[in-house]
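I have a structure I would like to understand better, so I am pasting it below and will then ask my questions one at a time.
Only the coordinates and a few stated rules stand behind these numbers; no lab work does. Treat the numbers as computed from the prediction; the structure is a model and nothing was measured. Don't worry about glycine lacking a Cβ; one is built from the backbone with ideal geometry, like all the others, and counts go over all protein chains shown.
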Ligand code: SAM
């Protein structure tokens, strides 16, 4: 690349550029894009994954925040009619604008680690439009996403993401695959939104509230942590043992608690 377009990686944008051809190839193989698909890449950076994604023949929308990378991306891919560049913040991007067909968007990104959790929550608001997501994340975050009840990794992130998606921890990637190398290990995760939710809650906002409250003090019993929301008798009535700690409860049990709280709230709602 010419001197003119040498880009200095910026910490505040979480820039760790992939340079290991073997890792790039492995990621593209896991995604396996096809020509008739709708791909979206978050944070294309200098285009490490972009080239292979476009090579599939699919339409590709990319969202990049760093203004300094825009000329480089235009230079590399601008002549390609299937390439659509959006400069801006993926956290504020309206993904519904790209496509109205249910379960069609395939989202990809080697994500800046500082925005990965809020970005996943933002994308889950459009879960119905998304077919799947492949992300490079901090390994520790992937472990939390893919966690099972009973362990220290099981918490709000695992529960709220597994409410919407099937989660697969695909493989780990060491710091040497990036330039500059990050201080932590990374991993590739696949999130596939459920076509039909396995445990639908009457009011997902109440589920979110219960889970947040429960894990605020994960060492305490449910009876204690949920005191402000549900009485001990309500917890038992939802078929949950109040002497357990939050990390011992699976998603279905949290949904039962949320539905119980929902029924309680409805009982106390004044008639219209
Ligand atoms: N995909 C490239 C790669 O694999 O080499 C770059 C990955 S780098 C870890 C993250 C990229 O996301 C950077 O290009 C950064 O500028 C961009 N980025 C950071 N915050 C963003 C945001 N809020 N919205 C969109 N892109 C963002």
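For helix 204-216, report the angle its Cα long axis makes with the longest principal axis of the Cα atoms of the chain; keep it between 0 and 90° and round to the nearest 10°.
The angle comes out at about 80 degrees.
Also: Specify the angular offset, from 0 to 90 degrees and rounded to the nearest 10, of the alpha carbon long axis of helix 21-31 from the longest principal axis of the alpha carbons in the chain.
Roughly 50 degrees between the two axes.
Quick check: residue separation of residue 58 and residue 104 times 0.36 nm, minus the Cα distance between them. What number comes out in nm?
Details: separation 46, 0.36 × 46 = 16.56 nm, distance 1.23 nm.
Contour length minus the Cα-Cα distance gives 15.3 nm.
While we're here: Taking the Cα-to-Cβ direction at residue 252 and at residue 79 and moving 7 Å from each Cα, how far apart do the two end points lie in nm?
My value for the distance between the label points is 5.8 nm.
Multiply the residue separation of residue 220 and residue 92 by 0.36 nm, subtract the distance between their alpha-carbon atoms, and state the gained length in nm to one decimal.
Extending this stretch completely gives an extra 42.5 nm.
Rounded to the nearest 0.05, what FRET efficiency do residue 192 and residue 20 give with R0 = 25 Å and r taken as the Cβ-Cβ distance? Could you check?
The formula returns an efficiency of 0.45 here.
Given springs between every Cα pair under 10 Å in a Gaussian network model of the chain, which of 185, 36, 153 has the largest fluctuation?
Ranking 185, 36, 153 by mean-square fluctuation puts 36 first.
Please work out the C-alpha center-to-center distance from the stretch 14-54 to the stretch 146-213 and express it in whole Å.
Cα centroid of the stretch 14-54 versus Cα centroid of the stretch 146-213: 21 Å apart.
Angle, helix 251-267 long axis vs. longest principal axis of the chain, Cα atoms, 0 to 90°, nearest 10?
Orientation of helix 251-267: about 60 degrees from the principal axis.
Follow-up. Could you check the spin-label model distance between residue 237 and residue 265? Points 7 Å from the Cα along Cα→Cβ, value in nm.
1.6 nm
Is it possible to state the helix-based mean residue ellipticity at 222 nm for the chain, with each DSSP H run of 4+ residues giving -39500 (n - 2.57), the sum divided by total residues, to the nearest 500 deg cm²/dmol? What is it?
Per the formula, -9500 deg cm²/dmol.
Spin-label point model (7 Å from Cα, Cβ direction): what's the residue 227 to residue 7 distance in nm?
If labels sit at residue 227 and residue 7, their model points lie 5.2 nm apart.
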